[in-house]
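Structure first, commentary second.
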Amino acid sequence: GWRGSLRTVERYVAQLRERTDPPPTAPTPPKPRKVTGWIMSDPDHLTAGAAVQLKNILARCPELQATRHHVGSFANMLQNLDGARPPAWIEAVQADGLPALHSFATSLTRDQAAVTAGLTLPWSNGPTEGTVNRLKMIKRSMYGRANLDLLRRRVLII
């Protein structure tokens with residue numbers, strides 16, 4: 001253990017008590033997950049403080065600035081269901097030196113027909129996905145306690 005005297009501790013504590021203001025602390029930088037959330041969200045939905053922090057971060061890192069631009073243009077393409085823009089977007093991403101977006105763009109080019117159809121046609125499989133999610137939740141809540149008859153009843157009642 002520590003071999004100092006009690007008087008040493010008293011002197012140290014007295015110095016701390018004499019201070020009126022605590023020592024200044026540097027602001028903690030935002031976590032990467034939070035910055036990612038800011039980049040992925042709509043700029044209109046950011047708070048004023050988050051927008052300022054994101055602007056400062058993007059000013060220091062041109063790669064993040066380019067990522068923010070590409071993510072925003074892709075989100076705009078999804079919101080407006082603009083199926084003619086994916087090839088140009090993919091070319092713009094491939095021109096930048098962003099490996100993570102390169103792999104995403106490559107995966108989009110693998111199934112170009114499905115991407116174009118998804119961005120041009122008005123149909124959605126959202127209701128089907130919701131039903132599948134509900135069925136999985138019911139099945140998980142039973143946790144293997146009953147047979148198919150009870151599962152069938154719960155699916156039809158709920």
Please count how many residues of segment 101-148 are among the acidic types (Asp, Glu) and open to solvent by 90 Å² or more (accessible area, probe 1.4 Å).
1
Candidates Thr131, Thr116, Thr120, Thr106 - the one that is more than 27 Å from Ser41 (Cβ to Cβ) and hydroxyl-bearing (Ser, Thr, Tyr):
Thr131
Quickly run through segment 13-48 and pick out the residues that are of a type in the set (Asp, Glu) and at pLDDT 85 or above.
Asp42, Asp44
Would you be able to tell me the number of residues in segment 18-43 that are of a type outside the set (Lys, Arg) and outside any helix (DSSP H, G or I)?
13
Search segment 126-138 for residues that are part of a helix (DSSP H, G or I) and pair each with any residue that is surrounded by fewer than 11 Cβ atoms within 10 Å (Cβ to Cβ) and not polar (S, T, N, Q) when their beta-carbon atoms are under 8 Å apart and the residues are at least 6 apart or on different chains.
Arg134/Ile158; Ile138/Ile158
All but one of (1) in a loop (DSSP other than H, G, I, E, B); (2) touching a Phe, Trp or Tyr at 6+ places or on another chain (Cβ under 7 Å) hold for Trp89; state the number of the condition that does not hold.
(1)
In segment 71-86, which residues are assigned to a helix (DSSP H, G or I) and open to solvent by 50 Å² or more (accessible area, probe 1.4 Å)?
Asn76, Leu78, Gln79
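The values are calculated or read from the model by the stated rules, or taken from the named source; none is laboratory data. In this text, all values refer to a predicted model and were calculated from it rather than measured experimentally. Virtual Cβ from ideal backbone geometry, glycine too; neighbours counted across all protein chains shown. With ligands, DNA and RNA removed, areas are computed over all heavy atoms of the protein, side chains included. Shrake-Rupley method; radii C 1.70, N 1.55, O 1.52, S 1.80 Å.
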